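Since the structure comes first, as structure tokens, the remarks are kept for the end.
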Amino acid sequence: MSPQLLSLVTLWAAAALYAIAMVAWSIRLSRVADERIQARQGAGAASSTTAEAAAPAKERVAVGGGDDAAVAAMASGATSFVVDDGDETDLPRRSGADRALGAARAAMYSGLLLHLVGLIARGLDSGHVPWSNMYEYTITGSFVAVAVFGIVQARRDWTFLGAGVTGFATIALGIGLTVLYAESTGLRPALQSFWLVIHVAIAIISTGVFIVAAVATTLQLLQYERTDGERELTGGAIRRLGIRVRNGLARWTQRATWFEAIPSAQKLEAVAFRLNAVGFVLWTFTVMAGAVWAEHAWGRYWGWDPKEVWSFVIWVLYAAYLHARTTQGWLGRRSAWLSIAAFVALIMNFTVVNLFFQGLHTYA
Amino acid sequence: MARMKIDNYAIADAPRLGVKGWGRWMWRQVTSMRVALILLLLLALASIPGSVLPQWPQNAANTRAFIEQNGWWGRFLDATGFLDVFGSAWFTAIYVLLFASLIGCILPRVRVYWRNLRSPVPPVPARLDRYENRDEAETADVAAAFESARSHLIRRPASSLLGWRVRVDERPSRQEGVETELALSANGEGLRELGNLIFHLSLVGILAAVAVGSLLTYRGQAIIVEGDSFTNSVVDYDSFSSGNLFRESSLEPFRLTLDELDAAFNVQGLAEDFTAHVTLQEPETDPVSTQIQVNRPLQVDGGKIYLQGNGYAPEITVVDSDGNVAFSDAVPYLPQDGVYTSTGVVKVPDVTSGEQLGFLATLLPTAADNGETLVSAHPDLANPMMLLRGYSGDLGLDTGIPQNVYVLDESQLSPMRDEAGNVWSVALVPGQTVELPDGLGTFTWNDTPRYGAFDLRADPSLPWLLAASIGALVGLALSLFAPRRRLWLVAPLTPAAGGETTVVRAAIMAPAHDAGAVDEMRRVLDAATGRVRRVEEE
Ligand code: HEM
């Protein structure tokens, strides 16, 4: 089998496995939610908040008591069981949810493996690292996103991100393989550089990290709508439309059982912050490495070419997000929206900017 | 009482200020933080037009065309700085304000940080049970336990700067039946704060380096045909620009000869490699042969020489109507596309008699007939062909206005015509000589060397810029990932009456997202009391 064919076959297989993983993660999420609800109802007359707090403690006892359950817990990743922090993610592990977790992990990690094979085959086929045009950027970026999630998931249970991340990767791979696909070619001389490898590799890794963070932030914003509930329709037409949309989201999240298994907004904010912080440091490095590369290749470290402008805008928006978190009245919703804005700019940078703006970076 | 939260810079030195001072200080910080936030958002917003609209410094030709196409709207955008966003007054105002705010915000923090570093660690709070994360363990020898806790905390050199600062007090106890207690207070906030300060100061450093660099920099472009050479002086450059503080006398008069330019293309005509083989002669040293590649500039005289472009420079000889050689030189042609369809202009002012001559030529490196016209199929010289048209008249060179060598001013020229009265045009191949109409002379294409377009740029600020960037990166990583924790241990100095052991109580304060804090507290307590825990307990 030629490397090219191998690459295509394994990448399509990875996309399919991610789709399966996404379904399994969703099932896992709703099973966990069901069990939470049952636990709460089982707690009887106690008010719902205390019951919710009590539920995880009971689960622990149950798991500690039965040998079978303990074995199941080990099989499903004993490490995460130990490192679990906070009651919110202390998801109960019982057969239904566990089977789904097992399936989700199996599908995701084998997808990741095939994805890696696909990337290496592409690299062999083209004779250079597989991140030099939009197709390659997409397949590598989605790989990193799943890998980041996979690494975190091996240490602590972040089930609630699973469906989002694998879903994103499925779509990204699908679009990559159908719309963006490009035969491999040699590199233009301007791209033959150690700094290409560094700059673009780190750019992709930080994009992957930002993707996972953005999924967490989206859940955080939905969680706000859910806890706020529906509100009255007032004001002008645009305001009313806004309220309608938010009410719709509130209704949907309240009705969806799987949302029971989603951690609180604060917890999600903390998760997103940690990821965004990592992503931001990597992005800072990306921009700096890009400047070094530009200095080598073009004789100027910064020239405000559209790609550079957008990298700068992204960087400034994430910096604003980090400041917003420490500014009174901005922690929470507003800083979350800022990080979403920064993420949108990030996605713009390698879609719209690559396709429609001309500049030195037009290698896509 | 509400749990104290320290995931907020505003409380970094809270214990040292009174309520009023604390409030004022926090208010000031919060307001300036808000200003910083707004300025950052403005900066992002203001940058966007710079990527959407054509910009003078990036592409003057496009910008001029844009203004012409858009009438008053284009002129309005030009006048308001939207066509040179990053040099515009409003963009400058935003970042100057931002950096003013940054400096105003960071300098007091540097002072506070420095004072904190040299002042004693704040004592242990009176009551530990206020804090959420607590633990306790028993020990028989309190003094030894505290000593091991202290040495566990300050194991590393420079620990007080980079990690924990520790103090141990003996103090009257509030606990019933206990007279004195030992209290250990450890402050592990310094590193994070240090990182934050380094980061923001480095940002100022980056801005300063860029500003100084723009004053001292110089950059020049020169085109060198294979076999020719070039001397580093302002007159020898085709174009030259420099910062306000640059002095011409600082140029070192080195000499660069282009021996050969290798260009490799694949079968489809995509560029694979460009290498300029050059000889560099610096004053008072032997000439050295070396190479310049697209990503590998040549370091010389505090600057770098980049290979920025390349093309063909056909060698042309024009003999005038009197039979004298009026022109003989290599003329750089400008590539117009990926297959090096190149256009060139030959100006022949020095004819013995009669009108001046001018030529417009198109070079097709690999000429092929696509059914309608001749096009180039590949950038290599596989089947070179030149399409030529001639003009006679006044080239307009004597007006004193500098002319673009790549443009023929046709206002006072008329095209050469053949006997039938049609515009004269021929296709020729290398080595061929064609007769010009009306006995105006001959045009010979002798050979086709390549030329390289070189760009020399010197910017003495680069090492400083790099240093400041590395500082920013390291500072940022510290400021985001170094923990920010306060840890306390308290125990009665002697066991309670009848008991053999005392209970050491511990508490730790850390931002909510700091998952490792509780672990660290437990480890310190383990080290102090010799407690052995089962792993599951974690
Ligand atoms: C050039 C513009 C600026 C950029 C790019 C920038 C960037 C950043 C970044 C990335 C952080 C995150 C590091 C962390 O959370 O510890 C940060 C934190 C911080 N910045 Fe800035 N900053 C800028 C201007 C300012 C200004 C004008 C102020 C003054 C109000 C300021 C005050 C702070 C403070 C106090 C923190 C620490 C927040 C904390 O404790 O987490 N910064 N800055």
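Of the residues making up the stretch A:281-307, those that are more than 7 Å from every other protein chain (Cβ to nearest Cβ), within 16 Å of the ligand (Cβ to nearest atom) and assigned to a helix (DSSP H, G or I) are A:L282, A:W283, A:T286, A:V287, A:A291.
Where helices (runs of 4 or more DSSP H) fall entirely within the stretch B:26-127, those with at least 1 residues that are within 16 Å of the ligand (Cβ to nearest atom) and away from chain A (no Cβ under 14 Å) are at B:89-118.
Summed over the stretch B:59-79, the residues that are surrounded by 12 or more Cβ atoms within 10 Å (Cβ to Cβ) and either in contact (Cβ under 8 Å) with a residue 40 or more places away in the chain or polar (S, T, N, Q) (or both) give a count of 4. Of all residues in the stretch A:316-335, those satisfying the criterion of being surrounded by fewer than 20 Cβ atoms within 10 Å (Cβ to Cβ), on the phi < 0 side of the Ramachandran plot and more than 7 Å from chain B (Cβ to nearest Cβ) are A:L331, A:R333, A:R334. Filtering the stretch A:238-248 for residues that are within 14 Å of chain B (Cβ to nearest Cβ), farther than 29 Å from A:W158 by Cα and in a helix (DSSP H, G or I) leaves an empty set.
Give the stretch B:83-113 a look and list any residue that's within 32 Å of the chain's Cα centre (by Cα) and over 30 Å from A:V309 (Cα atoms), or say none. Before you say what the answer is, go through the steps one by one.
Within the stretch B:83-113, the subset within 32 Å of the chain's Cα centre (by Cα) is B:83-111, B:113.
Answer for the stretch B:83-113, where residues must be within 32 Å of the chain's Cα centre (by Cα) and over 30 Å from A:V309 (Cα atoms): B:P108, B:R109, B:V110, B:R111, B:Y113.
Summed over the stretch A:129-153, residues that are surrounded by fewer than 19 Cβ atoms within 10 Å (Cβ to Cβ) and farther than 24 Å from A:I347 by Cα total 0. The residue that is farthest from B:V112 (Cα to Cα), among those in the stretch B:190-207 that are in contact with a Phe, Trp or Tyr (Cβ under 8 Å, 6 or more places away or on another chain) and more than 10 Å from the ligand (Cβ to nearest atom), is B:G205.
Kindly indicate whether any position in the stretch B:474-481 is closer than 30 Å to B:A276 by Cβ, touching a helix residue (DSSP H, G or I) at 6+ places or on another chain (Cβ under 8 Å) and at pLDDT below 90. Looking through the stretch B:474-481, none of the residues is closer than 30 Å to B:A276 by Cβ, touching a helix residue (DSSP H, G or I) at 6+ places or on another chain (Cβ under 8 Å) and at pLDDT below 90. Only one of the numbered conditions (1) of a type outside the set (S, T, Y); (2) away from the ligand (no atom under 16 Å from the Cβ); (3) exposed (fewer than 14 other Cβ atoms within 10 Å of the Cβ); (4) modelled with pLDDT of 90 or more is violated by B:R155, and that is (4). Here is the figure for the stretch A:249-278: residues that are outside any helix (DSSP H, G or I) and under 18 Å from the mean Cα position of the chain (by Cα) total 3.
Grab the strands (runs of 3 or more DSSP E) fully contained in the stretch B:262-305, keeping just those with 2 or more residues being more than 22 Å from the chain's Cα centre (by Cα), of a type in the set (D, E) and over 21 Å from B:R457 (Cβ atoms). Outline the logic, then answer.
Numbers: elements: B:271-281, B:288-293, B:298-300.
Those strands (runs of 3 or more DSSP E) span B:271-281.
Scanning the stretch B:340-365 for residues being in a loop (DSSP other than H, G, I, E, B) and among the small types (G, A, S) gives a total of 2.
Quick one: which of B:L191, B:L184, B:L117, B:L153 is within 20 Å of B:R486 (Cα to Cα) and in contact with a Lys or Arg (Cβ under 7 Å, 6 or more places away or on another chain)? Before you say what the answer is, go through the steps one by one.
Numbers: B:L191 fails: in contact with a Lys or Arg (Cβ under 7 Å, 6 or more places away or on another chain); B:L117 fails: in contact with a Lys or Arg (Cβ under 7 Å, 6 or more places away or on another chain); B:L153 fails: in contact with a Lys or Arg (Cβ under 7 Å, 6 or more places away or on another chain).
Just one listed residue meets the conditions, B:L184.
Tell me which residues, restricted to the stretch B:419-461, are small (G, A, S) and within 14 Å of chain A (Cβ to nearest Cβ).
From the stretch B:419-461, those small (G, A, S) are B:420-421, B:425, B:427, B:431, B:439, B:441, B:452-453, B:458, B:461; that's our starting set.
Answer for the stretch B:419-461, where residues must be small (G, A, S) and within 14 Å of chain A (Cβ to nearest Cβ): B:G452, B:A453, B:A458, B:S461.
Just one of (1) more than 11 Å from every other protein chain (Cβ to nearest Cβ); (2) surrounded by fewer than 21 Cβ atoms within 10 Å (Cβ to Cβ); (3) over 27 Å from the mean Cα position of the chain (by Cα) fails for B:T529. It is (2).
Starting from residues that are among the aliphatic types (A, V, I, L, M) and in a strand (DSSP E or B), keep the ones in the stretch B:366-398 and report whichever is nearest to B:K347 (Cα to Cα). Walk me through it before giving the result.
Our first condition is that a residue be among the aliphatic types (A, V, I, L, M); within the stretch B:366-398, this holds for B:367-368, B:374-375, B:377, B:381-382, B:385-388, B:395, B:397.
Narrowing the set further to residues that are in a strand (DSSP E or B) leaves B:367-368, B:374-375, B:385-388.
On the way: B:A367: 25, B:A368: 28, B:L374: 25, B:V375: 25, B:M385: 20, B:M386: 16, B:L387: 16, B:L388: 13 Å.
The residue in question is B:L388.
Just need a number here: residues in the stretch B:433-460 that are of a type in the set (S, T, N, Q), touching a Leu at 6+ places or on another chain (Cβ under 7 Å) and buried (at least 17 other Cβ atoms within 10 Å of the Cβ). Working first, answer last.
Pass one, the stretch B:433-460, residues of a type in the set (S, T, N, Q): B:433, B:442, B:444, B:446, B:448.
This time we only want the ones that are touching a Leu at 6+ places or on another chain (Cβ under 7 Å), so: B:442, B:448.
Subsequent filtering for residues that are buried (at least 17 other Cβ atoms within 10 Å of the Cβ) retains B:448.
Looking only at that region, the number is 1.
Of the strands (runs of 3 or more DSSP E) lying entirely inside the stretch B:427-472, the ones with 1 or more residues being out of contact with any Ser or Thr (no Cβ under 8 Å at 6 or more places or on another chain) are found at B:441-447, B:450-458.
The values are calculated or read from the model by the stated rules, or taken from the named source; none is laboratory data. Please read all numbers here as calculations on a predicted model, not as lab measurements. Backbone-built Cβ (ideal geometry, glycine too); neighbour counts: all protein chains shown.
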